[in-house]
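Below is one structure, written out as structure tokens, with a few remarks after it.
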Amino acid sequence: MKYFATLAGRPRKVAVAVLAAALLLAGAAVPVYAQGPTPLPRGLAVVERILSRLYEREQAWLGLQTNHLARAAQAADKAQQLLDAAKEKGRDVTALEQALAAFRAGVAQAQAAHDQAASILGTHTGFDASGQVTDRQAARQTVVRARQSLAEAHRILLRAVRDLRRAVRDWRRSQRPQAPAASS
């Protein structure tokens, strides 16, 4: 600032004009594309990248949930074997049979929601075969609907597992030998 204050008159105006021209020229250096593909605005590219990642996550969740449902079916089969063994020993397993039937029904409901999510992700509306977004709005709907179906299957399966565990716990408590009442 002190330098500009010492300049008087015409040299000062020339210095300001040169400085302004330099600033204008420095800002004008922008690359120009000749009939190339129009790049997406930064925000839209980010949205598409997020949608692609969400699609990949939903597919990964689908795979994990497939394994969980298979393990739940195996657990039901093993529980049936244990119930049959307890029946042979003469124990009352009516409550457990009802709980196991409810568990199998819950697993079937969860499987139905899971299959719906698999169908949604399998059609991959809004995405190409490699998982890249082709239609943002359709891709968004695909991701949202798949997540809802996967979450519903998750909730149903958790509820079924929780109820079966609670029934087994209560049955085990009822099967414990009762301590004789102490007389005083």
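The values are calculated or read from the model by the stated rules, or taken from the named source; none is laboratory data. All values derive from a computational prediction rather than experimental measurement. All Cβ positions, glycine included, derive from the backbone under ideal geometry; neighbour counts span all protein chains shown.
Remarks
- Tallying residues that are under 18 Å from the mean Cα position of the chain (by Cα) and surrounded by fewer than 13 Cβ atoms within 10 Å (Cβ to Cβ) within the range 113-136 yields 3.
- Options Ala22, Ala72, Ala76: the member that is in a helix (DSSP H, G or I), at pLDDT below 90 and small (Gly, Ala, Ser): Ala22
- Of all residues in the range 80-112 being charged (D, E, K, R), free of Cβ contacts under 8 Å to residues at least 60 places away in the same chain and not in a helix (DSSP H, G or I), the one that is surrounded by the fewest Cβ atoms within 10 Å (Cβ to Cβ): Lys89
A quick yes/no check of all residues on (1) at pLDDT 95 or above; (2) in contact with a Gly (Cβ under 8 Å, 6 or more places away or on another chain):
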{"position": "Ala118", "(1), (2)": "yes, no"}
{"position": "Thr125", "(1), (2)": "no, no"}
{"position": "Arg136", "(1), (2)": "no, yes"}
{"position": "Gln175", "(1), (2)": "no, no"}
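- Taken as a whole, the range 49-58 holds at least one residue that is exposed (fewer than 14 other Cβ atoms within 10 Å of the Cβ), closer than 30 Å to Arg136 by Cα, in contact (Cβ under 8 Å) with a residue 40 or more places away in the chain and of a type outside the set (Gly, Ala, Ser).
- No other residue among Ala95, Ala101 is aliphatic (A, V, I, L, M) and in contact with a Phe, Trp or Tyr (Cβ under 6 Å, 6 or more places away or on another chain) apart from Ala95.
- Boolean, Leu64 is out of contact with any His (no Cβ under 9 Å at 6 or more places or on another chain) and free of Cβ contacts under 8 Å to residues at least 24 places away in the same chain: yes
- Any chance Arg172 is farther than 30 Å from Leu44 by Cα and of a type in the set (Lys, Arg): yes
- The number of residues in the range 127-181 that are in contact with a strand residue (DSSP E or B) (Cβ under 9 Å, 6 or more places away or on another chain) and at positive phi comes to 0.
- Flag: Val161 does not match the condition of being assigned to a helix (DSSP H, G or I), in contact (Cβ under 8 Å) with a residue 40 or more places away in the chain, within 25 Å of the chain's Cα centre (by Cα) and within 15 Å of Leu54 (Cα to Cα).
- Criterion violated by Arg173 - all others in (1) closer than 30 Å to Arg49 by Cβ; (2) exposed (fewer than 12 other Cβ atoms within 10 Å of the Cβ) satisfied: (1)
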